[in-house]
Amino acid sequence: MEGYEGWAQVDELTAGLLVGEDEALAAALAASAQAGLPAIAVSPNQGKLLAMLARLHGARSILELGTLGGYSTIWLARALAPGGRLVTLELQADYAAVASANIERAGLSDVVEVRVGPAGEGMRGLIDAGEGPFDLIFIDADKQSTPEYFTLALELSRPGGIVVVDNVVRGGAVADPDTEDAGARGMRRFLELAAREPRVSGTTIQTVGAKGWDGFTFMVVEGE
Ligand code: SAH
Ligand code: DHB
Ligand code: MG
């Protein structure tokens, strides 16, 4: 059992034993597939990790970039402290509509706000309206814009806040200086930016699983 098939089997086994994906999460994936959305949500094990981070951090305000069908949104929103809220930004109106129905079915409409439009504009709107700061920011939209999102996230994060970036490793392409994968190049630029940024401390964790070989960068923004 090596390579992709083995990773997927271990993901299935371990998620089945510990993760506890329930009806609303399964329904969100089924409805997303039915509506023709790409199957690129975080895995159940990864969704649980995000939820655990939010819970451990006591997050009361969460910002997500890249809603897709709302699968990671549901994991994160369920982990909010009482009275908390989550704002999620999605470019595609049709994806956002699927997500809103999934979020409603999960009973989370009162705490989640889905905003349609480019994430950069949405972030600048949040800054201008003074709607921050956020305790946790999950960056998972178009990969080539990650450097810009990281810079804006610093303005929207509270001191001591957490910023998580998905899809940093891209099958190893992030470490290939000649890669033509625009997403991987964006991730490389983001990591170089983060390295020069005195306000953040972070680490990158590679993952294998049902979604292949990828990884997250986890950062804490200085303060407190
Ligand atoms: N977070 C989701 C997966 C997001 S996939 C989950 O794990 O369940 C990436 C999403 O980013 C897609 O839905 C895509 O439409 C959206 N996206 C792409 N470019 C964007 C942009 N400029 N602004 C906001 N969202 C964008
Ligand atoms: C892909 C995976 C993701 O997690 C994502 O957010 C966007 C795209 C992909 O595999 O193409
Ligand atoms: Mg992703």
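The values are calculated or read from the model by the stated rules, or taken from the named source; none is laboratory data. Everything quoted here is computed from the prediction, not taken from an experiment. Virtual Cβ from ideal backbone geometry, glycine too; neighbours counted across all protein chains shown. SASA here: full protein model, heavy atoms, side chains in, ligands and nucleic acids out. Shrake-Rupley method; radii C 1.70, N 1.55, O 1.52, S 1.80 Å.
What the table shows:
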{"quantity": "Residue check for L68: assigned to a helix (DSSP H, G or I) and buried (at least 17 other Cβ atoms within 10 Å of the Cβ)", "calculated": "no"}
{"quantity": "Some residue of segment 174-192 being touching a residue at least 24 places away in the same chain (Cβ under 8 Å), aromatic (F, W, Y) and part of a strand (DSSP E or B)", "calculated": "no"}
{"quantity": "Residue match in segment 111-119 (condition: without any contact (Cβ under 8 Å) to a residue 60 or more places away in the chain, open to solvent by 20 Å² or more (accessible area, probe 1.4 Å) and either acidic (D, E) or within 20 Å of L193 (Cβ to Cβ) (or both))", "calculated": "yes"}
{"quantity": "Of all residues in segment 74-98 being touching a residue at least 40 places away in the same chain (Cβ under 8 Å) and assigned to a helix (DSSP H, G or I), the one that is surrounded by the fewest Cβ atoms within 10 Å (Cβ to Cβ)", "calculated": "D94"}
{"quantity": "Residue list for segment 53-65, restricted to those being assigned to a loop (DSSP other than H, G, I, E, B) and in contact with a Lys or Arg (Cβ under 8 Å, 6 or more places away or on another chain)", "calculated": "R60"}
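For every residue, the table says whether it meets (1) buried (at least 17 other Cβ atoms within 10 Å of the Cβ); (2) touching a His at 6+ places or on another chain (Cβ under 7 Å); (3) closer than 30 Å to G160 by Cα.
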site	(1), (2), (3)
Q9	no, no, no
L13	no, no, no
L18	no, no, yes
L29	yes, no, no
A41	yes, no, yes
N45	yes, no, yes
M52	no, no, yes
